[in-house]
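Reviewing the structure listed below.
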Amino acid sequence: MTGVVTESPPLERLKAMLAEIADIRHAEAVLDWDSRVSMPPAGAQARAELAATLTQLAHERFVSDELGALLEQLAPDRDEDSVEAALVHVTHRLFDRARRVPTELAGEMAHASGVAVAAWDRAKAASDFESFVPHLERQLELKRRYVECFPETDAPYDVLLEDYEEGMTTAEVQNIFTRLKEDLVPLVERHRGSAPGDPLLSGPFPVEAQQEAGRRVLEAFGSDPASWRIDETPHPFASKPGAGDIRLTTHTDEKDLTSLFSTMHEFGHGVYEFDVDRAFARTPLGGGTSSAIHESQSRMWENLVGRSTGFWRWFYPQLQGLFPDVLGGIEEASFVQAVSAIRPGLIRGDADEVTYGLHIILRFELEQELLAGTVAVPDLPQIWNARMKEYLGVDVPDDAHGVLQDMHWSVGLLGYFPTYQLGNVISVQIWERARADLGDLEEQFARGEFAPLREWLSEHIYRHGSRYPPRELLRRVTGSDLDPEPYLQYLRTKFA
């Protein structure tokens, strides 16, 4: 929208309506952040009611006849490549989907999520899945009603995928995951029986020193305290309530260094949102184009940067200084090997680069079965535990370390999990293109230089927001469609 001197009255009116709707959704984001970071637990019910009201208000305004009429007036030529055309196209797609969904159902879904997240907090703390069963059953009931709003879709799970990854189908995900399993399973098999932890990484690592480590990394990567903040929550996430307002969270435990990697992961989400062209603010173009592209960035900063030898040549001396009693006598090479080792374990968020994919595939399978009703919610822990043993060779000791470890299902994010592994695949495709353009990234990292990579990513990905659909953006950046082979080659090379 930058550089446009005059706009037609319909376009001006459309932007005004979209800005008002965006403001409501930004208010929802602030309330959601507050509910995870600051709100007393007893406030969950009132907050859920407020979230439902705001969701219904935004939904009513978005699916209004007036907005629909404006979109019809502004329908662009499909071959037109302009910001205005992209705005109308993206808004039209979202409008067509939202208009199928009753406003009452949208409100019910928001309310159920607010209540269920609080219930998940309690259930996980007590390792008590039974108490969470009614909330997950309620989420599934609502998701089935949501899917029924799209009767022309052959595969019900496709409806959920489309909310996070435009144009992606269940069959495509299944084909990609089948190819990945051909390489991932043998790699994991060779490491079955490995200890779930490593003495080099078992701490204790005092929480305040870990938080200082995270702040140093964020500063080096390019966060600005004037626009960024980081807080503690049971489950890390990133949020952008508005332009120039990036809020990250992490979870710090003195027993391990997981918080450092979750901080880098959430930075990837935050930097994508922060670097979107400010001219797109308060419009549907003002955020990342898809969940898989988003996860490609969180996984890139967490793994391709954060587990690289170059990164640790720069940062390990600082980490040793923060934890002299634990790390003072440990060589850098031994530490780097430990943080990158294939080590089958219980927790997805702690998983290494190889076993992580099997955690995601397990959830992808279970989500389809739960939606179809072939797996009953009360039976979920038993099935979860059996597949963890089959896929990863680990015994699940309790619900907190098993089926309750992620908050996604409490929020109603069914269909999201596959995008983590798709993001892993995409991250390497983008990484290879960046290396071709920027040269030896490892040497740059070893000097503490991360700006060249960030600026390259901003130019090629971040600034575009949702202007381009995910598949088109990937082709523009890499010259190819979604392809698991570069990712598999990366793993084979690293873990040979």
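Brief remarks follow.
- Scanning segment 184-232 for residues that are β-branched (Val, Ile, Thr), modelled with pLDDT of 95 or more and crowded, with 17+ Cβ neighbours inside 10 Å yields a total of 2.
- Residue in segment 415-422 that is crowded, with 17+ Cβ neighbours inside 10 Å and farther than 19 Å from ARG179 by Cβ present: yes
- For the residues LYS255, LYS240, the requirement of being touching a strand residue (DSSP E or B) at 6+ places or on another chain (Cβ under 7 Å) and of a type in the set (Lys, Arg) singles out LYS240.
- Inside segment 133-148, residues that are surrounded by fewer than 17 Cβ atoms within 10 Å (Cβ to Cβ) and of a type in the set (A, V, I, L, M) make up a count of 0.
- Selection status of GLY402, surrounded by 19 or more Cβ atoms within 10 Å (Cβ to Cβ) and either over 16 Å from ARG348 (Cα atoms) or not hydroxyl-bearing (Ser, Thr, Tyr) (or both): yes
- Residue within segment 364-376 that is in contact (Cβ under 8 Å) with a residue 40 or more places away in the chain and in contact with a His (Cβ under 8 Å, 6 or more places away or on another chain) present: no
- Looking only at segment 149-169, and only at residues there that are part of a loop (DSSP other than H, G, I, E, B) and in contact with a Pro (Cβ under 9 Å, 6 or more places away or on another chain), the one that is surrounded by the fewest Cβ atoms within 10 Å (Cβ to Cβ): GLY167
- Test: residue in segment 196-219 that is assigned to a helix (DSSP H, G or I), among the charged types (D, E, K, R) and touching a residue at least 40 places away in the same chain (Cβ under 8 Å): yes
- In segment 30-73, the residues that are of a type in the set (A, V, I, L, M), more than 30 Å from PRO9 (Cβ to Cβ) and not in a loop (DSSP other than H, G, I, E, B): VAL30, LEU31, VAL37, ALA42, ALA44, ALA46, ALA48, LEU50, ALA51, ALA52
- Within segment 35-49, tally of residues that are without any contact (Cβ under 8 Å) to a residue 60 or more places away in the chain and surrounded by 15 or more Cβ atoms within 10 Å (Cβ to Cβ): 2
- From LEU142, LEU105, LEU94, LEU136, residue being in contact with an Asp or Glu (Cβ under 7 Å, 6 or more places away or on another chain) and of a type outside the set (Ser, Thr, Tyr): LEU142
- Applying the set (1) within 30 Å of LEU18 (Cβ to Cβ); (2) surrounded by fewer than 17 Cβ atoms within 10 Å (Cβ to Cβ) to ALA292 leaves exactly one unmet item: (2).
- LEU136 meets each of the listed conditions (1) modelled with pLDDT of 95 or more; (2) more than 23 Å from the chain's Cα centre (by Cα); (3) not small (Gly, Ala, Ser) apart from (2).
- When we screen PRO344, PRO381 for residues that are in contact (Cβ under 8 Å) with a residue 12 or more places away in the chain and surrounded by fewer than 19 Cβ atoms within 10 Å (Cβ to Cβ), the only hit is PRO381.
The values are calculated or read from the model by the stated rules, or taken from the named source; none is laboratory data. Since the model is a prediction, treat every value here as computed from it, not as a measurement. Quick reminder, even Gly has a Cβ in these numbers, built from the backbone with ideal geometry, and neighbours come from all protein chains shown.
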